1. Considering only residues that are surrounded by 20 or more Cβ atoms within 10 Å (Cβ to Cβ) and either assigned to a strand (DSSP E or B) or without any contact (Cβ under 8 Å) to a residue 40 or more places away in the chain (or both), which ones fall in the stretch 151-165?
2. Give just the number: which of (1) modelled with pLDDT under 95; (2) loosely packed, with under 12 Cβ neighbours inside 10 Å does residue 195 not satisfy?
3. Of the residues that make up the stretch 149-159, is at least one more than 16 Å from the chain's Cα centre (by Cα), within 17 Å of residue 91 (Cα to Cα) and at pLDDT 95 or above?
4. Looking only at the stretch 37-46, filter to residues that are under 11 Å from residue 139 (Cβ atoms) and touching a helix residue (DSSP H, G or I) at 6+ places or on another chain (Cβ under 8 Å); which one of those is surrounded by the most Cβ atoms within 10 Å (Cβ to Cβ)?
5. Which of the residues that make up the stretch 96-111 are more than 14 Å from residue 203 (Cβ to Cβ), out of contact with any strand residue (DSSP E or B) (no Cβ under 6 Å at 6 or more places or on another chain), in contact (Cβ under 8 Å) with a residue 12 or more places away in the chain and part of a helix (DSSP H, G or I)?
6. Return yes or no: is residue 91 part of a loop (DSSP other than H, G, I, E, B) and touching a helix residue (DSSP H, G or I) at 6+ places or on another chain (Cβ under 9 Å)?
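The values are calculated or read from the model by the stated rules, or taken from the named source; none is laboratory data. Everything numeric here is computed off the predicted structure, so don't read it as measured data. Here the Cβ positions follow ideal geometry from the backbone for every residue, glycine too, while neighbour counts run over all protein chains shown.
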């Protein structure tokens, strides 16, 4: 662990740009319940050191590749025991919407948003899409006073926001900083990704509804005209679409 006092440059040890606004620390951790500490526990312990942690507003930022939807409220409800959380921001890789399906994922997230709203917590989420996998993982708690960062922490890690990655099942590494410059840089990087890669999943929901309708028509056995030829001739090409194949798999898995 490296402690940096206000005005220190520590040439040759850390970059000169890491000049502290106040005392803060940098630390590298093994994130695992048996061999170190889970990401959740590390964040909770570090945030407990904040000044005015129950008086000022805090934001919880989640940037992940893989996502466990059932973990969101559990982690937040545990965190609010330590700090006054009023805003939660979530960004995740777009392909995660296909685990449960675009429509189901959207409905689940909107239900979470409604329940957190009743607790006085704002919840915003965004899917990130690009040609390659959005593999970034990082978590931050930012405290503000007069809209300026006054305290907080940022954890950059290999661990996803899943039970194995965040709760300490996997063996991950994490780099924790409470420096204001690092907090500002994380916020800037997060906002950049949202601006460049953030996208709506509405089009995926529309396609899912369309493919499910096609499947329902085919599976109903009700046709509006007399067939000539064979069924393969008409239905075969339709099954070449990967999205329709996905819908068929989802249908079978629910039976």
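1. 151, 152, 153, 154, 155, 157, 161, listed by residue number.
2. (1)
3. Looking through the stretch 149-159, none of the residues is more than 16 Å from the chain's Cα centre (by Cα), within 17 Å of residue 91 (Cα to Cα) and at pLDDT 95 or above.
4. The first filter runs over the stretch 37-46 and keeps only residues under 11 Å from residue 139 (Cβ atoms), leaving 39-40, 42-43, 46.
Then drop every residue that is not touching a helix residue (DSSP H, G or I) at 6+ places or on another chain (Cβ under 8 Å), which leaves 39-40, 43.
Details: 39: 28, 40: 21, 43: 26.
Of everything passing the filter in the stretch 37-46, 39 is surrounded by the most Cβ atoms within 10 Å (Cβ to Cβ).
5. Listed by number, the list holds a single entry, 108.
6. no
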